[in-house]
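Following: one structure in structure tokens, then a few remarks.
Just so it is clear, none of the values below were taken in a lab; they were calculated from the coordinates. Predicted, not measured: the structure shown is a model, and the values here were computed from it. Positions of Cβ are backbone-derived with ideal geometry, glycine not excepted, and every protein chain shown enters the neighbour counts.
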Amino acid sequence: MHVILHRMSTSFQARTAQPVPRSVIDPGLPEVAWDSDEPSDPVAPGPWLLYLEGISTRTTQVDLDDAGVLSVKVQTGACVEDLDLALGILRRAAEAGDGLVKSEEADTPFTLAEFEAAYGDEWKRRQLKSAADISIWMVRREGIIALPGPTREVWIGPRVVEELENGDPAETGDRLVRVMRRVLWAEGPPFFAANRFRAGMGAESVTLAVLPPETRTLLPRCDQVGLKDAGGTFMVAQKALPALPLGTTWLDDGNLLVEAVSGEQWAAVCQAARALQGAEAAGGAGPPPRQPEPPSAPDATGPGPSLTRRLRRGWGRGPRSS
């Protein structure tokens with residue numbers, strides 16, 4: 001059983017002047033990317049999803065209605081840079097409008113000065129700590145949860161919880177950001193991001209992915225992985241892959257990075273996979289799984305502070321030139 005956390009968020013609103021220039025929702029940073037088409041200038045009514053390439057842990061949702069009301073949704077697990085991105089949009093919108101920001105957490109609107117005081121660094125730290133604590137609590141209740149990010153889902157289960165709890169409790173939120181960035185913006189040589197498919201219906205359905213030879217591959221969380229050799233295509237459980245002669249790294253509790261395998265090595269991999277498949281079919285336990293090394297986590301503060309400063313300085317800047 002697993003739960004995908006789509007709806008845990010904090011929403012804000014600001015009424016802005018019309019027409020709305022693109023510079024209100026686009027801080028003009030080179031890292032800014034859009035989940036779909038980029039907004040026009042001036043911005044047309046409608047929803048927009050944006051994030052910071054190589055940095056964001058969640059997407060930021062922006063909605064503009066016909067009356068000039070701009071809504072911004074901040075999702076649980078958003079990193080400090082995502083929070084700065086969202087708050088900057090609200091600030092620019094309010095500055096161009098009536099100077100007020102509404103939050104679902106308060107009964108009355110904030111002036112800009114009150115908004116800055118209420119949603120400063122302490123609030124951002126609490127947001128991250130709360131996201132980590134809620135994730136740990138839900139894993140203990142549900143078994144595994146998923147946080148959708150800009151590039152893929154981050155799966156949090158016992159493996160990640162152990163990592164989150166290994167250290168100063170005050171820094172649990174920082175460790176969550178490191179885990180999420182490791183999954184969303186995996187470092188190293190280029191890799192193929194495999195797709196996940198679903199076969200069957202209801203309780204009998206299974207999720208599948210395909211592992212190609214000679215290709216560094218990131219496998220999403222799935223039940224079975226397809227391999228192909230001279231005997232044809234066959235399936236093996238994803239959780240069994242670390243027992244095979246492969247270079248594997250669990251990035252979280254679902255995403256498995258598999259290093260490229262040469263043609264000659266591939267034959268040995270498939271032979272071991274078929275032997276494991278046969279042992280399981282015969283009711284044996286098969287060879288004991290090889291425990292992967294703990295994945296190395298890039299420093300979550302790498303791009304952070306400098307970008308945060310640029311986000312704050314760039315609150316009034318227009319979009320970058322094309």
Next item on the list: Let me have the relative contact order for segment 1-160, percent, based on Cα pairs under 8 Å that are six or more residues apart.
Entry: 28
Next item on the list: Can you tell me the order of 189-198, 80-89 when each peptide is scored by its average per-residue count of other Cβ atoms within 10 angstrom, highest first?
Entry: 80-89, 189-198
Next item on the list: Starting from the Cα of residue 124, draw a straight line to each of the lysines and keep only those under 26 Å, dropping any in the same chain fewer than 8 residues away.
Entry: 73, 102
Next item on the list: Report the antiparallel proportion of the DSSP beta bridges in segment 148-237 as a percent, rounded to a multiple of 5.
Entry: 65
Notebook entry, point to check: Can you list the aspartates and glutamates whose alpha carbon sits under 17 Å from that of residue 129, skipping same-chain ones fewer than 8 residues off?
Noted result: 81, 82, 84, 121, 162, 163, 165, 168, 171, 174
Notebook entry, point to check: What is the packing order of peptides 40-46, 206-212, taking the mean over residues of other C-beta atoms within 10 Å and listing the highest first?
Noted result: 206-212, 40-46
Notebook entry, point to check: Sorted by average packing, counted as other Cβ atoms within 10 angstrom per residue and highest first, what order do 132-145, 16-29 take?
Noted result: 16-29, 132-145
Check: Tell me which lysines have Cα within less than 21 Å of residue 228's Cα, excluding those fewer than 8 residues away on the same chain?
Finding: 239
Item checked: Length gained when the stretch residue 207-residue 229 is fully extended (0.36 nm per residue, less Cα-Cα span) -> 5.8 nm
